[in-house]
């Protein structure tokens, strides 16, 4: 995530800001410009980088999802590129679920921005009614909800936004890391398996060599995982115990970690904690590109873990990346890099 500034006064701002905390300018995030822009009244503005208010407005989910993204102004309120991907959400009359919905949308916007930075295709249900990307954000407090992916639809249990609930599940499932953003990155990995891998004979063959047979019976693998757990010695070949369950989950877990690493490197470089070459704006080219990314990541993740420990917190990145995992991640990098 890059560093953001107010175009009017230069104040440093967060990705989620809709108002400058220094000069009070109204702001909106432009995905095409990948920047926060000043929404100026009237046809012209003295503010550098101002957006003509006759052409743009904030997303219709400004209040419901605390969304600060810009859309083209039209006769009716419109949803931004991220919010438009949400197919189902809680009822407006459920304030608790709507608060959780806003948290989930905030995490989703961060992911959608990263996917855009990586030039990953985002094909919605409007373009592909059968397998296009869509999100069902539902609360298990009112109905049975299972976080997962099916034919392009990502379902997320909004209860994951509750810190107590999520921490209880994290401990019960012996997971070192569990966040809303992590869930989104994992599930989007399943979407990109369909979008990028299953339709390519070359990529499918490499997938089978690295991850295994994606057509193995999923329910059987799921039952075995929850009855027997991960196999002995799994840390030598997998990024997490859940990745051992099925080749599809191994791919999704590894894909999520690739997104974790790239975004954290980009953010760190934006603030001077990592080399400038770690940013999305400065692509690392050639066959050595992935090696360069990992060479930057390993010392940075170690340092960030030590900083967290200095604050009495758990490690920021509590994972080990063995050689087998790095080879799987290298494949993911190759697939994504080919899109640029």
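Here is the figure for region 95-113: residues that are surrounded by 16 or more Cβ atoms within 10 Å (Cβ to Cβ) and over 14 Å from the mean Cα position of the chain (by Cα) total 5. When the residues of region 12-27 are narrowed to those that are touching a residue at least 40 places away in the same chain (Cβ under 8 Å), assigned to a loop (DSSP other than H, G, I, E, B) and touching a strand residue (DSSP E or B) at 6+ places or on another chain (Cβ under 7 Å), which ends up nearest to residue 57 (Cα to Cα)? Across region 12-27, the extreme among qualifying residues is 18. Look at residue 224 and say whether it is farther than 27 Å from residue 109 by Cβ and at pLDDT 95 or above. So residue 224 does not fit the description; no. Every condition in (1) more than 18 Å from the chain's Cα centre (by Cα); (2) touching a residue at least 60 places away in the same chain (Cβ under 8 Å); (3) under 24 Å from residue 202 (Cα atoms) holds for residue 256 except the one numbered (1). If you filter region 259-276 down to residues that are without any contact (Cβ under 8 Å) to a residue 60 or more places away in the chain and part of a loop (DSSP other than H, G, I, E, B), you find that the one that is surrounded by the fewest Cβ atoms within 10 Å (Cβ to Cβ) is 272. Among the residues of region 65-72, at least one is farther than 15 Å from residue 106 by Cβ, more than 23 Å from the chain's Cα centre (by Cα) and modelled with pLDDT under 90. Right, residue 237: under 18 Å from the mean Cα position of the chain (by Cα), surrounded by 14 or more Cβ atoms within 10 Å (Cβ to Cβ) and over 27 Å from residue 128 (Cα atoms) or not? No; evaluated as a whole, the condition is false for this residue.
The one condition from (1) outside the structural domain of residue 104 (by the TED database); (2) closer than 30 Å to residue 109 by Cα; (3) at pLDDT 95 or above that residue 212 does not meet is (2).
The values are calculated or read from the model by the stated rules, or taken from the named source; none is laboratory data. Predicted model only: the values in this text are computed from it and were never measured. In this analysis, Cβ positions are derived from the backbone assuming ideal geometry, glycine residues included, and neighbour counts consider all displayed protein chains.
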